[in-house]
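Here the structure is laid out as structure tokens; the discussion comes afterwards.
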Amino acid sequence: MFKAILIEKGDDGQRVGIQTLDEAQLPEGDVTVKVECSTLNYKDGLAITGKGPVVKTFPMVPGIDFAGTVESSSSDNYKPGDAVLLNGWGVGEKHWGGLAEKARVDSRWLIPLPKAFNARQAMAIGTAGYTAMLSVMALEREGVTPDQGEVLVTGASGGVGSYAIALLARLGYHVVASTGRTQEADYLQGLGAREVIDRKTLSEPGKPLAKERWAGAIDSVGSHTLANVLAATKYDGTVAACGLAQGMDLPGTVAPFILRDVTLAGVDSVMKPTEARIEAWRRLGELMVPEQIDAITETIGLEAAIDKAGDLLAGKVRGRLVVEVG
Ligand code: NDP
């Protein structure tokens, strides 16, 4: 038997609670993992509150990330005792996820836990930090270098934003953080932001082109914010778009693309091939130091994860929430 957060759907809507489940109820998969830690991402907030159509089948154990130890395996790639990590692949959406003491998954979705991190640190980074790393790699791929000028991070106090600031600053970029929580300026500057701006300056409808400012940007917000960021991106600059905290729309024009050679680089962490995941986690191991991971992270238990889901969507959570499961 094992404990899990279970989301059920009835005629009266969605119900969420902690339940004790039988291992026989676990879905199909060739590896069973004893989960040590999971985490609460924006997507998990949507799943637990039912505020977004994240969960595709019910009942569902949420949790798009987990880190733990292999308990049993019929895969040649993993054996009992191996430390593993999982991010995405539709886990917690279509397949039972990590907010549980046990998970059974397809071994192709797992990667070995990077040597640089223990399970708690890996989940403190989680999908948010891994997505921030993929976004930084997208800027690098498009040739954005530290000498080109200011790089903007939107949704700065959130999970993706916090890691994007820390990673960019470590790589020597001049980072500007956009936040609705200007009272968090000390936190953001502690992560490496050189300047903090109010997100209101970006969130309202703007002009097709604005004064060129950003050599690059990492945007986890979308909507008018992304349109305004593109409009103020310098000639040949790149914006990595990975989120939709303000909205899924993109109410802009093609002007930045056809008049300033701006690149909009999409970032998806969920279906990213294994090789790129391993490379992103290798880079995270090089760049993130334990003290900084701790500064970004709060640790909670399974029960609290249900209560915190609403806070996360309301933008009241700073940085990352690790859920200690085991
Ligand atoms: P968080 O909730 O931790 O952070 C989101 C941040 O966005 C908030 O902290 C807030 O920052 C800002 N924000 C919230 N609401 C608004 C709003 N209405 N207008 C402008 N800014 C707002 O979430 P995550 O960091 O985990 O995820 C961020 C986004 O990235 C989400 O949309 C998520 O779905 C997406 N994502 C995408 C992935 C991918 O594979 N592409 C993977 C992971 C996440 P502040 O208070 O500083 O303004």
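The values are calculated or read from the model by the stated rules, or taken from the named source; none is laboratory data. Values in this document were obtained by computation on a predicted structure and should not be read as measured data. Quick reminder, even Gly has a Cβ in these numbers, built from the backbone with ideal geometry, and neighbours come from all protein chains shown. Protein only, heavy atoms only, side chains kept; ligands, DNA and RNA dropped before computing areas. Shrake-Rupley method; radii C 1.70, N 1.55, O 1.52, S 1.80 Å.
Each part reduced to its alpha carbon centroid, segment 257-326 and segment 179-204 end up 18 Å apart. Shape verdict for segment 1-135, please, from the Cα gyration tensor: rounded (a/c under 1.5), prolate (a/b greater than b/c) or oblate. The shape class here is oblate.
Judged by the gyration tensor of its Cα atoms, with axes a ≥ b ≥ c, segment 60-207 is prolate; a/c meets the 1.5 cut and a/b is the larger of a/b and b/c.
Cross-link check: pairs 79/308; 56/207; 207/308; 234/272 evaluated at a Cα-Cα cut-off of 32 Å; pairs beyond the cut-off: 79/308; 56/207; 207/308. Note on the chain: Cα convex hull, mean projected area over all directions, 15.9 nm².
Can you give me the % of accessible surface on the chain that is carbon or sulfur? Probe 1.4 Å, all protein chains present, nothing else counted. Show your work: numbers first, answer last.
Details: 6820 of 13720 Å².
Within the chain, the accessible surface is 50 percent carbon and sulfur.
With every protein chain left in place, what is the accessible area per residue of segment 90-202 in square angstrom, probe 1.4 Å?
34 Å²
The residues packed around residue 151, meaning those with a beta-carbon under 15 Å from its beta-carbon, carry a net charge of -3 if Lys and Arg are +1 and Asp and Glu are -1. Net charge of the neighbourhood of residue 212, taken over other residues with C-beta under 11 Å away and scored Lys/Arg +1, Asp/Glu -1, is +2.
Computed over neighbours whose Cβ is under 14 Å from that of residue 203, the net charge equals -1, Lys and Arg +1, Asp and Glu -1.
Extension gain residue 182-residue 18, at 0.36 nm per residue separation less the Cα-Cα distance, in nm? Display every interim value, and only then the final one.
On the way: separation 164, 0.36 × 164 = 59.04 nm, distance 3.58 nm.
Extra length available between residue 182 and residue 18 comes to 55.5 nm.
Net charge dipole, segment 167-326: roughly 460 debye, given to the nearest 20, about the Cα centre with Cβ charges of +1 for Lys and Arg and -1 for Asp and Glu.
Would you please classify the overall shape of segment 242-326 from the alpha carbon gyration tensor, given that a ≥ b ≥ c denote the square roots of the eigenvalues, rounded means a/c under 1.5, and beyond that prolate means a/b larger than b/c while oblate covers the rest? Judged from the Cα gyration tensor, segment 242-326 comes out oblate (a/c at least 1.5, b/c at or above a/b).
Could you name the aspartates and glutamates in cross-link range of residue 3, using Cα to Cα under 14 Å and dropping any fewer than eight places away on the same chain? Result set, ordered by chain and number: 22, 23, 36, 101, 303, 324.
Residue 69 sits with roughly 50 Å² accessible to a 1.4 Å probe, with DNA, RNA and ligands left out of the calculation. Measuring with a 1.4 angstrom probe and ignoring ligands and nucleic acids, residue 6 comes out at about 10 Å² accessible. Dividing the summed helix terms, -39500 (n - 2.57) for each DSSP H run of n ≥ 4, by the number of residues in the chain produces a 222 nm estimate of -9000 deg cm²/dmol to the nearest 500. Could you point to the residue in 40, 267, 69 farthest towards the positive end of the chain's charge dipole, with +1 and -1 charges on the Cβ of Lys/Arg and Asp/Glu respectively? My answer, from the dipole projection, is 267.
Going by accessible area, probe 1.4 Å, with all protein chains left in place, what is the ranking of 194, 260, largest first? Intermediate results must be reported in sequence, preceding the final value.
On the way: 194 145, 260 35 Å².
Result, largest first: 194, 260.
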